[in-house]
Amino acid sequence: MKRVIFLACILALVSAWLSGETIDLEQARVLALANSRSLARYNLNIRSSELNEKEQLYSMLPSVSASYSASMSYLDSNWGLVNPLDTLSARATISVTQTIFQGGRSFIQKAIREITTESVRNEAMAEYFNVLDSVDNAYYSALEAAASLEAAESSLQAAALSLSMAEIRLANGMLNQGDYMRALADKESRESSRNQARRSLALSISRLNNLIGLGQAPELSQIDFSAYEEVIRYLAGISDEEAGALYARLWNAIAYANPSLMNAALTRQQAEYNYTLSKRDYVPTISATVSGGFNWSTAGGFSTSPSGSISLTGRIPLDFWVLSNNLEKSKNTYDSALINFVDRQISVETDLYSSMINTIAQAESVLSSRRTLDYVERNNEYVMERYRLSQASVSDYVDASSLLITNRNSYIRSSYGFLQSLSKLRSLAAMDDEEKLIRLLLGN
């Protein structure tokens, strides 16, 4: 039912896109997950691992087999010819074999197969969040490129207006040739920046399309940044004590959900089981076989009572040098898994700390660049008015305009950079719900 609902959602989203509607971030995520070939491969790997798990379970059940044979002769004891059908005989046997004792090896092997399946599921979960992180970054990059293009278009219009005013003043002898060339160069530079912004937007849209699997560039819904205002202000003004508490909250969420950390723990557990399994190689094994059958011949027909037998077989290992070598190898693998688990834990802790610091820095940058942009916009309006009244030079206006576009782009980068840092934290914590992550950051 979940798959049916999922496919129905996909069809609805594609139909909505084909009808000209915009695509928001959630829809882009669904399309990227459905279009991911790596996730499809992991689903197949999970199914294969589940089948291997069933195979191990079936090996613990009784083994049933059947055999049959038939014979006939065309010569008698005096080398005379006889009718082969008169000598036809047949035999069929059914046997059931069950391992009675092997030191618990089967149960350990079953546990190992279960761990393998769980490891593959964790790998699929890691890839799931990797796809989400990729489509989030691509979506934010496309919106950032679109915002940068809009800013570049606005800057180019301002430079064109400045150039037209400079041309009028040059014609009236109110401007020297040097200032006019400065205005002309500024306009050409802004036009080049606009063209570069167009290329960046086209590239970002292309990357997004490759992830979501649509043939044409969709129209993207804008992000409501007001929904992040509270967490931005909280993180931008966070104290050292609050940052320490935040790290503890994030680590508690990651320690039990991060796929790579869980896989390292499963690998350690699997190595421990393999080490235990190597110890059990010293234990002898015993199995029992029950068989029965019937005979039939042309002369006598079916036997009045079928034949049957019960047998016990055992195996006692004597090549202790081989078993000792295998045991030492398993112990080394187990020790290595312990070291790898500690390394993975340190790596995840480092990633968490780095991501948390980056998120805090991005939040501070959002507020700082927003305030700076407000001051720069006021300054640009003031210089523009003075330039219109011939009280400011071309250089003054170009400097003010350049400062405006620089800070506007800085604010755009910090805003979408903050969203990308949230996406990184969500992937580390293996959280589908971004609102849950925000509540965790706020300590709610």
Within-14-Å neighbourhood charge of A146 [Cβ basis; K, R +1; D, E -1] = +2
inquiry  = Shape verdict for region 366-412, please, from the Cα gyration tensor: rounded (a/c under 1.5), prolate (a/b greater than b/c) or oblate.
reply    = prolate
ask   = Under the classification rounded if a/c is under 1.5, otherwise prolate if a/b is larger than b/c and oblate if not, where does region 329-444 fall, given a ≥ b ≥ c as square roots of the Cα gyration tensor eigenvalues?
value = prolate
request  = If a/c stays under 1.5 just call it rounded; otherwise compare a/b with b/c (prolate if a/b is bigger, oblate if not). Do that for region 190-244, with a ≥ b ≥ c from the square roots of the Cα gyration tensor eigenvalues.
outcome  = prolate
request  = Place the peptides 220-226, 123-129 in order of packing, highest mean first, counting for every residue the other Cβ atoms within 10 Å and averaging per peptide.
outcome  = 123-129, 220-226
task = Lys and Arg at +1, Asp and Glu at -1: add these up for the other residues within a Cβ distance under 12 Å of E230 and post the number.
result = 0
ask   = Cα centroids of region 145-175 and region 393-413: how far apart, whole angstrom?
value = 12 Å
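Bear in mind that the values in this text are calculations on the coordinates, not laboratory data. Keep in mind the model is a prediction, meaning the values are calculated, not measured. Glycine gets a Cβ as well: all are built from the backbone with ideal geometry, and neighbour counts include every protein chain shown.
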